[in-house]
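K.L.:
Okay, here's the structure, questions in a sec.
No value in this document is a laboratory result; all are computed from the given coordinates. The shown structure was predicted, so the numbers you read here are calculated from the model rather than taken from an experiment. As a convention, Cβ positions derive from the backbone with ideal geometry for all residues, glycine included, and neighbour counts pool all protein chains shown.
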Amino acid sequence: MWMTTRAAAALLLASACSSGAAVPVQPGVGGVDRTGLVGTARLGPIQPVCREGEPCDAPLQAGFTLQQDGHNVVRFTSDSLGHFLVYVASGAYLVVPDEPIGIGSQTPAVTVGLEGLTHVDLTFDTGIR
C-alpha cells in the first residue's frame, strides 16, 4: 500500500510538471525548498483616468518563469484573482511573463528571503494614460 501511494504521488507530480505548471506542494517535503514567493499580480492602469471609488488596476491571471543568472528555475501561474504561490530557494530572480504584458519588456526583479515565504506584489504597466 505504501509503495502504491508513493508511486501515485510521483506520477501525479510528474504529470503536473510536464504540463509546465509549478505545483505548490507543502514546503520541506521531499527536499522541496522551504522558501518562496507569495503575492498578487496586477495590471494597470486599466482606464485613462483613474476615478475615486473605481479600480484603476485589475488582477492579472498569467504564467511566469523565475530566472536566475539567465536560467529558468521554476514556472508558476497567478489565478483569476492574481494570487500566486511558488516555492523556490532564497536568492535574487527575474520574473519573466510567459507572454508580453503591458508596455515594453517588463521583468521585475525579486528577492526570496532566507526563511519562509516572501510577500511580493507584481504590477505590470499597461501604458494607458
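K.L.:
Tell me the Kirkwood hydrodynamic radius of the range 24-125 in angstroms, computed as one over the mean inverse distance between distinct C-alpha pairs. Provide the component values of the computation, followed by the final result.
P.N.:
Numbers: mean 1/r = 0.0697 Å⁻¹.
This gives a value of 14.3 Å.
K.L.:
How far apart, in nm, are two points set 7 Å out from the Cα along the Cα-to-Cβ line at A58 and at R129?
P.N.:
In this crude spin-label approximation the distance works out to 2.2 nm.
K.L.:
Still on this structure, I have one more. Across the range 119-128, in residue order, what do the Karplus-derived ³J(HN,Hα) couplings come to in whole Hz, using 6.51 cos²θ - 1.76 cosθ + 1.60 with θ = phi - 60° and x for Gly and Pro?
P.N.:
7, 9, 10, 9, 10, 10, 7, 7, x, 5
K.L.:
Scan around I46 for amide H atoms under 5 Å from its own, H built in the peptide plane at 1.01 Å from N, and keep only partners 5 or more places away or cross-chain.
P.N.:
D57
K.L.:
Collect residues whose amide H, placed 1.01 Å from N in the peptide plane, falls under 5 Å from the amide H of L60; neighbours closer than 5 in sequence don't count.
P.N.:
A41, R42, L43, G82
K.L.:
Additional query: Starting from the Cα of L94, step 7 Å toward the Cβ, then list every residue of the range 48-80 with an amide N under 18 Å from that point.
P.N.:
From the range 48-80, the list is 63-76.
K.L.:
Another question, then. Hey, rough spin-label estimate for R34 and T107, points 7 angstrom out along Cα→Cβ, what's it come to in nanometres?
P.N.:
3.2
K.L.:
Separation between the D121 and Q47 pseudo-spin-labels, each 7 Å from Cα along Cα→Cβ, expressed in nm?
P.N.:
A separation of 2.0 nm, rounded to one decimal place.
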